[in-house]
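Q: Here it is: the structure, laid out below.
Nothing in this text is a laboratory measurement; each read-out follows from the coordinates by a stated rule. These figures come from a predicted structure and were not determined experimentally. Neighbour counts are summed over all protein chains in view; Cβ atoms, including those assigned to glycine, are modelled from backbone coordinates with ideal geometry.
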Amino acid sequence: MSVAPSHQGGRSGSTPREPPAGSGPGKAEGAFRTIGEVSRDTGLPAHVLRYWESRFPQLRPVTRAGQRRHYRPEDVALVVRIDRLLNERGYTIRGVQKVLEEDPGADVPAASPVLDTVRQVRDTLAAALADD
């Protein structure tokens, strides 16, 4: 028996990775990134990034010919922030929407110790079910 991953973040129990300065050979730090590069750099599936675009109006990558998405550095930073709020701090999609609406530039305080304990129990149970 396996546990389905969370639909909110797409990576249950893992921590987000900060995107590297250059996502490939010849890419400058301020260069636009494709959805595949952002997916690889953050560890988030491309379908999660596309879903977040529909839920967070602040996340609007540039679209070019053929509707290809190109993420600016500030888009990538926002993806990392959304991922951190959802997967590390325990916010819901609606909660992240409120945070971004109220103060788009600031981050929020860390989750309570109780939430950390609940996450540890959840992860332990998920691991036990996966081994079963």
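Q: How large is ³J(HN,Hα), in whole Hz, for each residue of the stretch 35-50 in order, when computed from phi with the Karplus curve 6.51 cos²θ - 1.76 cosθ + 1.60 and θ = phi - 60°, using x for Gly and Pro?
A: 4, x, 5, 5, 4, 5, 5, 9, x, 9, x, 4, 5, 5, 4, 5
Q: Also, quick follow-up: Using 7 Å Cα-to-Cβ label points, what is the ALA46/ARG122 separation (nm, one decimal)?
A: 2.8 nm
Q: Another one. What is the gain in length, in nm to one decimal, between GLU101 and THR63 on full extension, counting 0.36 nm per residue of separation less the C-alpha to C-alpha distance?
A: Using 0.36 nm per residue and subtracting the Cα-Cα distance, I get 11.3 nm.
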